[in-house]
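Notes for the one structure printed next.
The values are calculated or read from the model by the stated rules, or taken from the named source; none is laboratory data. This structure is a prediction, so every number in the text was calculated from the model and none was measured. Here the Cβ is made from the backbone with ideal geometry for all residues, glycine too, and neighbour counts use every protein chain on show. Side chains are part of the model used for accessible areas, which takes the heavy atoms of the whole protein and leaves out ligands, DNA and RNA. Shrake-Rupley method; radii C 1.70, N 1.55, O 1.52, S 1.80 Å.
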Amino acid sequence: MSGAKGKIAVLTSGGDAPGMNAAIRAVVRTGIARGYEVYGVRRGYNGILKKEMSLMSFTDVSEKLQHGGTFLFTARSAEFGEDAGKRKAAAICKELGIDALIVIGGDGSFTGAKNLSKYGVNVIGIPGTIDLDIAYTEYTIGFDTAVNTAMEAIDRLRETSNSHERCSVVEVMGRSAGYIALWCGIANGAEQILLPEKFDNNYDMLIEQIKKNRKSGMTHQIIINAEGIGHSYGLAKEIEKATGIETRATILGHLQRGGSPTARDRVVASVMGAYAVDMIDQGKQNRLIGYKNGHVYDIDIEEAFEMQKDIDEYEYEVAGILGTRCSYNI
Ligand code: F6P
(Lines give C-alpha, C1' and ligand atoms only; values in the text may rest on other atoms or scores of the structure.)
Protein backbone atom coordinates (compact mmCIF):
# COMPACT_ATOMS: atom_id res chain seq x y z
CA MET A 1 0.00 0.00 0.00
CA SER A 2 1.08 3.52 -0.71
CA GLY A 3 -0.59 5.70 1.84
CA ALA A 4 -3.90 4.87 0.18
CA LYS A 5 -6.39 2.33 1.56
CA GLY A 6 -5.33 -0.09 -1.12
CA LYS A 7 -4.93 -0.61 -4.86
CA ILE A 8 -7.77 -1.42 -7.22
CA ALA A 9 -7.17 -2.36 -10.85
CA VAL A 10 -9.88 -2.17 -13.50
CA LEU A 11 -9.98 -3.70 -16.98
CA THR A 12 -12.40 -4.26 -19.84
CA SER A 13 -12.39 -7.61 -21.60
CA GLY A 14 -14.16 -9.42 -24.46
CA GLY A 15 -16.50 -7.61 -26.84
CA ASP A 16 -16.83 -3.91 -26.06
CA ALA A 17 -20.21 -2.46 -25.09
CA PRO A 18 -21.48 1.12 -24.93
CA GLY A 19 -21.34 2.23 -21.31
CA MET A 20 -18.04 0.53 -20.47
CA ASN A 21 -16.37 3.95 -20.30
CA ALA A 22 -19.03 5.15 -17.88
CA ALA A 23 -18.33 2.11 -15.68
CA ILE A 24 -14.56 2.73 -15.70
CA ARG A 25 -15.16 6.38 -14.81
CA ALA A 26 -17.38 5.37 -11.90
CA VAL A 27 -14.79 2.88 -10.63
CA VAL A 28 -12.00 5.46 -10.80
CA ARG A 29 -13.92 8.29 -9.19
CA THR A 30 -15.59 6.19 -6.50
CA GLY A 31 -12.27 4.49 -5.80
CA ILE A 32 -10.57 7.86 -5.29
CA ALA A 33 -13.50 9.11 -3.18
CA ARG A 34 -13.20 6.04 -0.92
CA GLY A 35 -9.44 6.49 -0.54
CA TYR A 36 -8.01 3.95 -3.00
CA GLU A 37 -5.46 4.15 -5.77
CA VAL A 38 -7.11 2.99 -9.00
CA TYR A 39 -5.10 1.55 -11.90
CA GLY A 40 -6.47 1.30 -15.42
CA VAL A 41 -5.29 -1.91 -17.12
CA ARG A 42 -5.02 -1.73 -20.90
CA ARG A 43 -6.13 -4.50 -23.29
CA GLY A 44 -7.92 -6.77 -20.86
CA TYR A 45 -6.12 -9.64 -19.15
CA ASN A 46 -3.22 -9.16 -21.57
CA GLY A 47 -2.56 -5.88 -19.81
CA ILE A 48 -1.99 -7.65 -16.52
CA LEU A 49 0.37 -10.17 -18.10
CA LYS A 50 2.32 -7.31 -19.70
CA LYS A 51 1.95 -4.98 -16.71
CA GLU A 52 0.31 -2.39 -18.96
CA MET A 53 -1.46 -0.30 -16.37
CA SER A 54 -1.31 3.18 -14.99
CA LEU A 55 -2.57 5.10 -12.01
CA MET A 56 -5.74 7.00 -12.91
CA SER A 57 -6.65 10.45 -11.65
CA PHE A 58 -10.10 12.02 -11.35
CA THR A 59 -9.55 13.99 -14.57
CA ASP A 60 -8.15 11.02 -16.52
CA VAL A 61 -11.75 9.88 -16.86
CA SER A 62 -13.19 13.24 -17.88
CA GLU A 63 -15.03 13.37 -21.22
CA LYS A 64 -15.38 9.59 -21.38
CA LEU A 65 -18.91 9.05 -20.09
CA GLN A 66 -20.67 9.89 -23.35
CA HIS A 67 -18.51 7.77 -25.64
CA GLY A 68 -19.03 4.18 -26.75
CA GLY A 69 -16.20 1.64 -26.82
CA THR A 70 -13.62 1.41 -24.06
CA PHE A 71 -10.73 3.80 -23.73
CA LEU A 72 -8.78 1.10 -21.86
CA PHE A 73 -9.05 -1.08 -25.00
CA THR A 74 -10.20 -4.66 -24.86
CA ALA A 75 -8.77 -7.95 -25.99
CA ARG A 76 -9.17 -11.68 -25.83
CA SER A 77 -5.99 -13.18 -24.39
CA ALA A 78 -4.82 -16.63 -25.51
CA GLU A 79 -2.07 -16.66 -22.86
CA PHE A 80 -4.53 -15.86 -20.06
CA GLY A 81 -6.76 -18.66 -21.35
CA GLU A 82 -4.11 -21.16 -20.25
CA ASP A 83 -3.79 -22.14 -16.61
CA ALA A 84 -0.17 -20.96 -16.60
CA GLY A 85 -1.35 -17.54 -17.81
CA LYS A 86 -3.75 -17.22 -14.89
CA ARG A 87 -1.07 -18.20 -12.40
CA LYS A 88 1.23 -15.62 -13.93
CA ALA A 89 -1.49 -12.94 -13.79
CA ALA A 90 -2.19 -13.74 -10.14
CA ALA A 91 1.53 -13.54 -9.32
CA ILE A 92 1.76 -10.15 -11.05
CA CYS A 93 -1.26 -8.82 -9.13
CA LYS A 94 0.44 -9.92 -5.91
CA GLU A 95 3.79 -8.41 -6.93
CA LEU A 96 2.14 -5.07 -7.80
CA GLY A 97 0.11 -5.06 -4.59
CA ILE A 98 -3.27 -5.07 -6.29
CA ASP A 99 -5.89 -5.73 -3.63
CA ALA A 100 -8.81 -6.20 -6.01
CA LEU A 101 -9.38 -6.48 -9.73
CA ILE A 102 -12.59 -5.17 -11.30
CA VAL A 103 -13.41 -6.93 -14.57
CA ILE A 104 -15.93 -5.33 -16.91
CA GLY A 105 -17.04 -7.83 -19.54
CA GLY A 106 -19.26 -10.74 -20.48
CA ASP A 107 -19.50 -14.43 -19.68
CA GLY A 108 -16.07 -15.34 -21.06
CA SER A 109 -14.40 -12.55 -19.10
CA PHE A 110 -16.15 -13.71 -15.93
CA THR A 111 -14.96 -17.28 -16.47
CA GLY A 112 -11.43 -15.86 -16.54
CA ALA A 113 -12.15 -13.87 -13.38
CA LYS A 114 -13.56 -16.91 -11.57
CA ASN A 115 -10.48 -18.95 -12.40
CA LEU A 116 -8.19 -16.11 -11.38
CA SER A 117 -9.94 -15.91 -8.00
CA LYS A 118 -8.77 -19.49 -7.35
CA TYR A 119 -5.21 -18.16 -7.36
CA GLY A 120 -5.95 -15.65 -4.62
CA VAL A 121 -6.95 -12.54 -6.57
CA ASN A 122 -10.06 -10.77 -5.28
CA VAL A 123 -12.15 -10.25 -8.41
CA ILE A 124 -15.28 -8.18 -8.78
CA GLY A 125 -17.24 -8.41 -12.06
CA ILE A 126 -19.39 -5.82 -13.80
CA PRO A 127 -21.52 -7.24 -16.65
CA GLY A 128 -20.73 -5.42 -19.90
CA THR A 129 -22.10 -7.05 -23.04
CA ILE A 130 -24.68 -6.06 -25.63
CA ASP A 131 -25.95 -9.65 -25.65
CA LEU A 132 -27.81 -9.53 -22.28
CA ASP A 133 -26.94 -13.21 -21.91
CA ILE A 134 -25.63 -13.35 -18.34
CA ALA A 135 -27.91 -15.42 -16.17
CA TYR A 136 -27.59 -13.83 -12.73
CA THR A 137 -28.43 -10.30 -13.84
CA GLU A 138 -31.51 -8.69 -15.37
CA TYR A 139 -29.36 -6.17 -17.20
CA THR A 140 -25.97 -5.97 -18.87
CA ILE A 141 -24.28 -2.70 -19.83
CA GLY A 142 -24.64 -1.93 -23.53
CA PHE A 143 -27.85 -3.78 -24.32
CA ASP A 144 -30.10 -0.74 -24.43
CA THR A 145 -27.80 1.20 -26.75
CA ALA A 146 -27.30 -1.79 -29.04
CA VAL A 147 -31.00 -2.54 -29.28
CA ASN A 148 -31.77 1.09 -30.10
CA THR A 149 -29.03 1.14 -32.74
CA ALA A 150 -30.40 -2.03 -34.33
CA MET A 151 -33.98 -0.79 -34.07
CA GLU A 152 -33.18 2.45 -35.91
CA ALA A 153 -31.36 0.55 -38.65
CA ILE A 154 -34.28 -1.86 -39.06
CA ASP A 155 -36.74 1.05 -39.27
CA ARG A 156 -34.70 2.32 -42.22
CA LEU A 157 -34.64 -1.12 -43.80
CA ARG A 158 -38.39 -1.34 -43.51
CA GLU A 159 -38.78 1.83 -45.54
CA THR A 160 -36.69 0.62 -48.47
CA SER A 161 -38.16 -2.85 -48.18
CA ASN A 162 -41.64 -1.37 -48.38
CA SER A 163 -40.79 0.82 -51.35
CA HIS A 164 -39.56 -2.20 -53.31
CA GLU A 165 -42.18 -4.61 -51.91
CA ARG A 166 -39.41 -6.90 -50.81
CA CYS A 167 -38.72 -9.29 -48.01
CA SER A 168 -35.73 -8.39 -45.80
CA VAL A 169 -33.71 -10.78 -43.70
CA VAL A 170 -31.82 -8.74 -41.14
CA GLU A 171 -29.19 -10.34 -38.94
CA VAL A 172 -28.59 -8.86 -35.50
CA MET A 173 -25.84 -9.77 -33.02
CA GLY A 174 -26.11 -12.54 -30.48
CA ARG A 175 -23.83 -15.52 -31.03
CA SER A 176 -25.78 -17.74 -28.71
CA ALA A 177 -28.47 -15.44 -27.40
CA GLY A 178 -31.53 -13.99 -29.06
CA TYR A 179 -32.28 -11.01 -26.79
CA ILE A 180 -31.43 -8.32 -29.35
CA ALA A 181 -33.48 -10.20 -31.95
CA LEU A 182 -36.41 -10.58 -29.55
CA TRP A 183 -36.42 -6.92 -28.52
CA CYS A 184 -36.07 -5.69 -32.09
CA GLY A 185 -38.76 -8.16 -33.09
CA ILE A 186 -41.17 -6.35 -30.79
CA ALA A 187 -39.79 -2.83 -31.23
CA ASN A 188 -39.67 -3.05 -35.04
CA GLY A 189 -42.83 -5.09 -35.42
CA ALA A 190 -40.97 -7.80 -37.33
CA GLU A 191 -43.07 -10.33 -39.20
CA GLN A 192 -40.77 -13.15 -38.03
CA ILE A 193 -37.97 -13.55 -35.48
CA LEU A 194 -35.52 -16.42 -35.49
CA LEU A 195 -33.83 -16.96 -32.13
CA PRO A 196 -31.15 -19.57 -31.42
CA GLU A 197 -33.02 -20.54 -28.24
CA LYS A 198 -36.28 -21.14 -30.08
CA PHE A 199 -35.96 -21.74 -33.80
CA ASP A 200 -36.58 -25.38 -34.72
CA ASN A 201 -35.09 -25.13 -38.23
CA ASN A 202 -38.52 -25.45 -39.77
CA TYR A 203 -37.71 -23.37 -42.84
CA ASP A 204 -40.67 -24.83 -44.76
CA MET A 205 -43.08 -23.36 -42.25
CA LEU A 206 -41.24 -20.02 -42.36
CA ILE A 207 -41.58 -19.90 -46.14
CA GLU A 208 -45.24 -20.90 -46.04
CA GLN A 209 -45.91 -18.06 -43.62
CA ILE A 210 -44.10 -15.57 -45.88
CA LYS A 211 -46.26 -16.70 -48.81
CA LYS A 212 -49.42 -16.40 -46.70
CA ASN A 213 -48.44 -12.93 -45.58
CA ARG A 214 -47.97 -11.83 -49.18
CA LYS A 215 -51.34 -13.31 -50.18
CA SER A 216 -53.00 -11.49 -47.32
CA GLY A 217 -51.77 -8.19 -48.73
CA MET A 218 -48.47 -7.56 -46.94
CA THR A 219 -46.33 -5.58 -49.36
CA HIS A 220 -43.07 -6.29 -47.54
CA GLN A 221 -41.79 -8.36 -44.62
CA ILE A 222 -39.00 -8.10 -42.06
CA ILE A 223 -37.42 -11.29 -40.77
CA ILE A 224 -35.04 -10.71 -37.90
CA ASN A 225 -32.45 -13.43 -37.70
CA ALA A 226 -30.14 -13.75 -34.70
CA GLU A 227 -26.42 -14.18 -35.41
CA GLY A 228 -26.55 -17.54 -33.61
CA ILE A 229 -28.65 -18.91 -36.47
CA GLY A 230 -26.74 -17.00 -39.14
CA HIS A 231 -26.68 -17.90 -42.87
CA SER A 232 -28.73 -14.81 -43.65
CA TYR A 233 -27.56 -14.49 -47.25
CA GLY A 234 -28.38 -18.14 -47.95
CA LEU A 235 -31.74 -17.78 -46.25
CA ALA A 236 -32.61 -14.72 -48.34
CA LYS A 237 -31.82 -16.67 -51.52
CA GLU A 238 -33.95 -19.61 -50.40
CA ILE A 239 -36.88 -17.35 -49.56
CA GLU A 240 -36.66 -15.62 -52.93
CA LYS A 241 -36.48 -18.94 -54.76
CA ALA A 242 -39.35 -20.52 -52.86
CA THR A 243 -41.71 -17.53 -52.74
CA GLY A 244 -40.83 -15.51 -55.82
CA ILE A 245 -40.59 -12.42 -53.58
CA GLU A 246 -37.46 -10.36 -54.10
CA THR A 247 -35.47 -10.78 -50.89
CA ARG A 248 -32.37 -9.06 -49.53
CA ALA A 249 -30.15 -9.85 -46.55
CA THR A 250 -28.51 -7.26 -44.30
CA ILE A 251 -26.05 -8.11 -41.55
CA LEU A 252 -25.88 -5.26 -39.03
CA GLY A 253 -22.71 -6.66 -37.46
CA HIS A 254 -20.32 -4.72 -35.28
CA LEU A 255 -21.98 -1.34 -35.77
CA GLN A 256 -24.34 -2.55 -33.03
CA ARG A 257 -21.45 -2.40 -30.56
CA GLY A 258 -20.62 1.25 -31.14
CA GLY A 259 -22.29 4.56 -30.44
CA SER A 260 -22.88 6.94 -27.59
CA PRO A 261 -24.49 5.06 -24.69
CA THR A 262 -28.12 5.74 -23.89
CA ALA A 263 -29.08 7.30 -20.56
CA ARG A 264 -29.97 3.85 -19.25
CA ASP A 265 -26.53 2.44 -20.08
CA ARG A 266 -24.74 5.45 -18.60
CA VAL A 267 -26.72 5.31 -15.38
CA VAL A 268 -26.56 1.53 -14.90
CA ALA A 269 -22.82 1.51 -15.70
CA SER A 270 -22.18 4.35 -13.25
CA VAL A 271 -24.16 2.70 -10.46
CA MET A 272 -22.53 -0.69 -11.04
CA GLY A 273 -19.05 0.86 -11.18
CA ALA A 274 -19.55 2.67 -7.89
CA TYR A 275 -21.13 -0.41 -6.29
CA ALA A 276 -18.16 -2.57 -7.33
CA VAL A 277 -15.81 -0.27 -5.41
CA ASP A 278 -18.11 -0.30 -2.41
CA MET A 279 -18.02 -4.11 -2.40
CA ILE A 280 -14.25 -3.91 -2.10
CA ASP A 281 -14.51 -1.22 0.56
CA GLN A 282 -16.80 -3.50 2.57
CA GLY A 283 -14.21 -6.27 2.39
CA LYS A 284 -16.29 -8.49 0.08
CA GLN A 285 -14.48 -11.02 -2.08
CA ASN A 286 -15.18 -12.48 -5.50
CA ARG A 287 -18.57 -10.99 -6.27
CA LEU A 288 -20.41 -10.15 -9.46
CA ILE A 289 -22.53 -7.02 -9.66
CA GLY A 290 -25.94 -7.18 -11.30
CA TYR A 291 -29.52 -6.02 -11.26
CA LYS A 292 -32.31 -7.99 -9.61
CA ASN A 293 -35.91 -6.77 -9.28
CA GLY A 294 -34.76 -3.44 -10.62
CA HIS A 295 -32.05 -2.88 -7.99
CA VAL A 296 -28.29 -3.25 -8.07
CA TYR A 297 -27.07 -6.25 -6.09
CA ASP A 298 -24.09 -8.59 -5.78
CA ILE A 299 -23.72 -12.34 -5.88
CA ASP A 300 -20.95 -14.83 -5.23
CA ILE A 301 -19.11 -15.57 -8.47
CA GLU A 302 -19.41 -19.37 -8.11
CA GLU A 303 -23.12 -19.16 -7.36
CA ALA A 304 -23.69 -16.88 -10.35
CA PHE A 305 -22.20 -19.47 -12.68
CA GLU A 306 -24.73 -22.07 -11.58
CA MET A 307 -27.61 -19.98 -12.88
CA GLN A 308 -29.27 -20.26 -16.28
CA LYS A 309 -31.20 -17.78 -18.33
CA ASP A 310 -34.03 -18.36 -20.76
CA ILE A 311 -35.81 -16.19 -23.25
CA ASP A 312 -38.85 -14.61 -21.62
CA GLU A 313 -41.71 -16.81 -22.85
CA TYR A 314 -44.33 -14.12 -22.65
CA GLU A 315 -42.25 -11.57 -24.57
CA TYR A 316 -41.62 -14.24 -27.21
CA GLU A 317 -45.32 -14.98 -27.42
CA VAL A 318 -46.11 -11.27 -27.77
CA ALA A 319 -43.59 -10.93 -30.60
CA GLY A 320 -45.34 -13.82 -32.34
CA ILE A 321 -48.85 -12.46 -31.87
CA LEU A 322 -47.98 -8.93 -32.95
CA GLY A 323 -45.92 -10.17 -35.90
CA THR A 324 -47.03 -13.18 -37.88
CA ARG A 325 -44.75 -15.92 -36.62
CA CYS A 326 -45.82 -19.34 -37.81
CA SER A 327 -48.48 -20.77 -35.50
CA TYR A 328 -49.90 -17.31 -34.84
CA ASN A 329 -51.23 -17.27 -38.39
CA ILE A 330 -53.10 -14.31 -39.74
O1 F6P B 1 -20.40 -8.52 -27.80
C2 F6P B 1 -20.97 -9.79 -27.96
C3 F6P B 1 -20.91 -10.17 -29.38
O4 F6P B 1 -21.44 -9.08 -30.03
C5 F6P B 1 -21.61 -11.40 -29.89
O6 F6P B 1 -22.97 -11.26 -30.12
C7 F6P B 1 -20.84 -11.71 -31.12
O8 F6P B 1 -20.96 -13.00 -31.54
C9 F6P B 1 -19.46 -11.40 -30.69
O10 F6P B 1 -19.56 -10.36 -29.76
C11 F6P B 1 -18.52 -11.09 -31.78
O12 F6P B 1 -17.38 -10.49 -31.29
P13 F6P B 1 -15.98 -10.36 -32.05
O14 F6P B 1 -16.29 -10.24 -33.49
O15 F6P B 1 -15.38 -9.14 -31.49
O16 F6P B 1 -15.23 -11.59 -31.72
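Miscellaneous remarks
- In segment 92-106 there is no residue that is under 20 Å from the mean Cα position of the chain (by Cα), over 30 Å from Lys237 (Cα atoms) and open to solvent by 50 Å² or more (accessible area, probe 1.4 Å).
- When segment 144-178 is filtered for residues that are within 18 Å of Asp265 (Cα to Cα) and more than 10 Å from the ligand (Cβ to nearest atom), the ones remaining, listed by number, are Asp144, Thr145, Val147, Asn148, Thr149, Ala150, Met151, Glu152.
- Of residues in segment 143-172 being outside any helix (DSSP H, G or I) and in contact with a strand residue (DSSP E or B) (Cβ under 8 Å, 6 or more places away or on another chain), the one most open to solvent (accessible area, probe 1.4 Å): Arg166
- Candidate set: segment 219-229, residues that are without any contact (Cβ under 8 Å) to a residue 60 or more places away in the chain and more than 16 Å from the ligand (Cβ to nearest atom); chosen: the one surrounded by the fewest Cβ atoms within 10 Å (Cβ to Cβ): Thr219
- Residue under evaluation Leu182, criteria (1) closer than 18 Å to Ala146 by Cβ; (2) away from the ligand (no atom under 16 Å from the Cβ), criterion not met: (2)
One line per residue, one yes/no per condition, for (1) modelled with pLDDT of 95 or more; (2) farther than 24 Å from Gly19 by Cβ; (3) within 16 Å of the ligand (Cβ to nearest atom); (4) surrounded by fewer than 17 Cβ atoms within 10 Å (Cβ to Cβ):
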position	(1), (2), (3), (4)
Gly217	no, yes, no, yes
His231	yes, yes, yes, yes
Arg264	yes, no, no, yes
Ala274	yes, no, no, no
Gly290	yes, no, no, no
Asp298	yes, no, no, no
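- Scanning segment 180-197 for residues being open to solvent by 20 Å² or more (accessible area, probe 1.4 Å) and farther than 21 Å from Glu238 by Cβ gives a total of 5.
- Exactly one residue out of Val61, Val121, Val27 is more than 16 Å from the ligand (Cβ to nearest atom), over 24 Å from the mean Cα position of the chain (by Cα) and among the β-branched types (Val, Ile, Thr): that is Val121.
- Each residue in segment 302-326 was checked for being out of contact with any Phe, Trp or Tyr (no Cβ under 7 Å at 6 or more places or on another chain), open to solvent by less than 30 Å² (accessible area, probe 1.4 Å) and not charged (D, E, K, R), and 5 pass.
- Within segment 130-142, residues that are open to solvent by 10 Å² or more (accessible area, probe 1.4 Å) and at pLDDT 95 or above sit with their Cβ atoms under 9 Å from residues that are within 11 Å of the ligand (Cβ to nearest atom) and β-branched (Val, Ile, Thr), at 6+ positions apart or across chains, in these pairs: Asp131/Thr140; Asp131/Ile180; Leu132/Thr140; Leu132/Ile180; Asp133/Thr140.
- Condition check for Met205: in a loop (DSSP other than H, G, I, E, B), away from the ligand (no atom under 16 Å from the Cβ), surrounded by fewer than 24 Cβ atoms within 10 Å (Cβ to Cβ) and at pLDDT below 95: no
- Single residue of segment 243-258 satisfying the filter (open to solvent by 40 Å² or more (accessible area, probe 1.4 Å) and within 20 Å of the chain's Cα centre (by Cα)) that is farthest from Ala22 (Cα to Cα): Ile251
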